[in-house]
Amino acid sequence: MFNIYKYYDLMDKISKRKRLEFAFLPTPLHKLENLSKYLNANIFLKRDDLTGFSTFGGNKMRKLEFLFADLIEKDSEYVFTYGATQSNHALQTAITANYCGVKPVLYLVDVIKEKNKLPKANLLLDKILNAEIKLIDLKEGEESFEAMNRAQEESKKYIERLSEQKNDCYIIPPGGATPVGSLGFINAYLEIKKYEKDMHISFDHIFHATGTGGTLAGLTAANSYLEDDIQIHGINVSNKDDRYINDIIKLAEESLSIIDIEKKITKENIDVSPDYVGDGYEVPTDEANDAIKLFAEKEGIFLDPVYTGKAAAALVDYIGKGKVEDDSNIIFWHTGGTNALFADEKMLGNLI
Ligand SMILES: *Cc1c(COP(=O)(O)O)cnc(C)c1O
């Protein structure tokens, strides 16, 4: 159950915030009949792989709708962002930047040590978009997020130089994980509640891959404000420390705060699982690969080894272990990222 008055209130408050409506929203939500039968569960798929507006959508488009509205208000000429060489976020930012007539500058950490003469997958698309790309090597023993912090530090000099030449730069941190960006997932959560009302169904669980945490923060913010009882499972795709969940809660609170809602958020409806990361970000796992094949064989749906595959491995495991009640209605959030199937084979492990 959830608070219907707060639902209308949240819709009203978020609609006052500037947003560029370039994503294809609401994204479809449909039941996976074959997979549900096979796993003996009720599994629905939320299709944020279909956010558009290019062929290569994904969850970041929701954040970028709000971030670029902010950017345009500030009249910026450049947008800086950060990610791995195969970052979906960096690609979606470059796509949106070109569309808005803003120059994208991408600081990309070479996590997998790309050796291809011709760049592949997202890096190839970044080049086609003519984004300005700064490659950052991952140092021995360095975690990808540490290299990302280093990239942000390094970009400061360039940003300063551009500002001296009177060029305004808009900075989007990795994954677009800011209070403004997370508004996109407050909006997304409202799509779920509307679907429930229209279709006379109620959901019990949401599973999704969590990286920088902006997605989880937005979902958590809405879930908490609406006093809803859907359990949100954020499946880690990279190694995190104990601060992660508190950072998410802080981001969720700040996101509500910019739409004039002051709310203290507690951990009770959020489950962050570190159990499906394997050896780290962009390192494949057998369980994720099995899940990729399962979704493809049962439903013709393509997941990816970096994000959605790992989240799907968790979904299968939770159901297998009885960690979700029988008959519960589960949303699996397809956050995009399928391009990774066409990246370096190192990202695929023993997929085929
Ligand atoms: C970025 C990304 C995520 C994680 O979203 P965050 O908001 O960074 O936690 C999940 N899946 C895919 C495909 C992504 O690109």
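The values are calculated or read from the model by the stated rules, or taken from the named source; none is laboratory data. A quick note: this is a predicted structure, and the numbers were derived from the prediction, not measured. As a convention, Cβ positions derive from the backbone with ideal geometry for all residues, glycine included, and neighbour counts pool all protein chains shown. Surface accessibility is based on the protein's heavy atoms, side chains included, excluding ligands, DNA and RNA. Shrake-Rupley method; radii C 1.70, N 1.55, O 1.52, S 1.80 Å.
Can you pull the percent of region 1-92's accessible area that's carbon plus sulfur, 1.4 Å probe, other chains left in place? Please report the intermediate quantities before stating the final value.
Numbers: 2110 of 3990 Å².
Reported share for carbon and sulfur atoms: 53 percent.
Report the net charge of residues surrounding residue 295, where surrounding means a beta-carbon distance below 12 angstrom and charges are Lys +1, Arg +1, Asp -1, Glu -1. All intermediate terms of the calculation are to be shown ahead of the outcome.
Numbers: positive: 293, 298; negative: 49, 290, 297, 299, 304.
Charge balance in the 12 Å sphere: -3.
Please work out the FRET efficiency for the pair residue 15 and residue 55, using the Cβ-Cβ distance as r and a Förster radius of 22 Å; give the result to the nearest 0.05.
Numbers: r = 29 Å, r/R0 = 1.31.
The pair residue 15/residue 55 has a calculated efficiency of 0.15.
How much space per residue, in cubic angstrom, does the convex hull of the C-alpha atoms of region 166-268 take up?
126
Over the C-alpha atoms of the chain, what are the Rg and the largest Cα-to-Cα span, Dmax, in Å?
19.3, 62
Round to a whole number: what % of the accessible area of region 198-352 belongs to carbon and sulfur, probe 1.4 Å? Spell out each step's value before the answer.
On the way: 3000 of 6410 Å².
So the carbon and sulfur contribution to the accessible surface is 47 percent.
Once phi is turned into θ = phi - 60°, what whole-Hz ³J(HN,Hα) does the Karplus curve with 6.51, -1.76 and 1.60 give for every residue of region 203-208, x standing for Gly and Pro?
Once rounded to whole Hz, the list reads 8, 10, 9, 10, 10, 7.
Could you work out which residue, out of 342, 80, 44, moves most in a Gaussian network model of the chain, that is, has the largest mean-square fluctuation with Cα springs under 10 Å?
342
Checking understanding here: applying a Kyte-Doolittle mean of at least -1.0 and a length along the axis of at least 27 Å (C-alpha), which whole DSSP H helices in the chain pass?
Working: long enough: 144-164 (30 Å, -1.35); 179-199 (30 Å, -0.20).
Those that pass (Cα extent of 27 Å or more, hydropathy at least -1.0) are 179-199.
Counting Lys and Arg as +1 and Asp and Glu as -1, what is the net charge of the other residues whose Cβ lies under 14 Å from the Cβ of residue 196?
On the way: positive: 31, 46, 193, 194, 197; negative: 191, 198, 204, 228, 229.
Summing Lys/Arg as +1 and Asp/Glu as -1 gives 0.
So if the hydrodynamic radius of region 85-178 is defined as the Kirkwood radius over C-alpha pairs, what does Stokes-Einstein give as its diffusion coefficient at 20 °C and 1.002 mPa s, in µm² per second?
Details: Rh = 14.0 Å.
Roughly 153 µm²/s, to the nearest whole number.
So, counting K/R as plus one and D/E as minus one, what does the shell of residues with Cβ under 10 Å around residue 175 add up to?
Numbers: positive: 60, 63; negative: none.
Around residue 175, the surrounding residues sum to +2.
Taking a probe of 1.4 Å, how large is the accessible area per residue of the chain, in Å²?
Numbers: 15570 Å² over 352 residues.
Result: 44 Å² per residue.
Nothing charged except the Cβ atoms of Lys and Arg (+1) and of Asp and Glu (-1): what's the magnitude of the dipole of the chain about its Cα centre? Round to the nearest 20 debye.
Values: 42 positive and 56 negative charges, 167 e Å.
Computed about the Cα centre, the dipole is about 800 debye.
Determine the principal axes of the Cα atoms in region 87-136, then give the extent along each, sorted from largest to smallest and rounded to whole angstroms.
Sorted largest first, the three principal extents are 32, 17, 16 Å.
Sorting check: for 177-184, 253-260, 194-201, which peptide has the highest mean count of neighbouring beta carbons within 10 Å, and how do the rest follow? Please report the intermediate quantities before stating the final value.
Values: 177-184: 25.5, 253-260: 18.0, 194-201: 12.0.
So the peptides 177-184, 253-260, 194-201, ranked by packing, come out 177-184, 253-260, 194-201.
May I ask for the distance between the Cα centers of region 87-142 and region 285-321, given as a whole number of Å?
If we compute the Cα centre of each part, the gap is 26 Å.
Which order do peptides 130-137, 103-110 fall in by mean Cβ count within 10 Å, highest first?
Numbers: 130-137: 15.6, 103-110: 23.2.
Output ranking for 130-137, 103-110: 103-110, 130-137.
Looking at region 1-110, which trypsin sites (Lys or Arg not before Pro) are DSSP coil and have at most 15 other C-beta atoms within 10 Å of their C-beta? Before the final figure, lay out the partial values.
Numbers: sites: 6, 13, 16, 17, 18, 19, 31, 37, 46, 47, 60, 62, 63, 74; in loops: 16, 17, 18, 19, 74.
Of the trypsin sites (Lys or Arg not before Pro), the ones in loops of region 1-110 whose Cβ has at most 15 other Cβ atoms within 10 Å are 16, 18, 74.
Packing-wise, with mean Cβ within 10 Å as the measure, how do 144-150, 344-350, 92-98 rank, highest first?
Details: 144-150: 18.7, 344-350: 15.4, 92-98: 25.4.
Output ranking for 144-150, 344-350, 92-98: 92-98, 144-150, 344-350.
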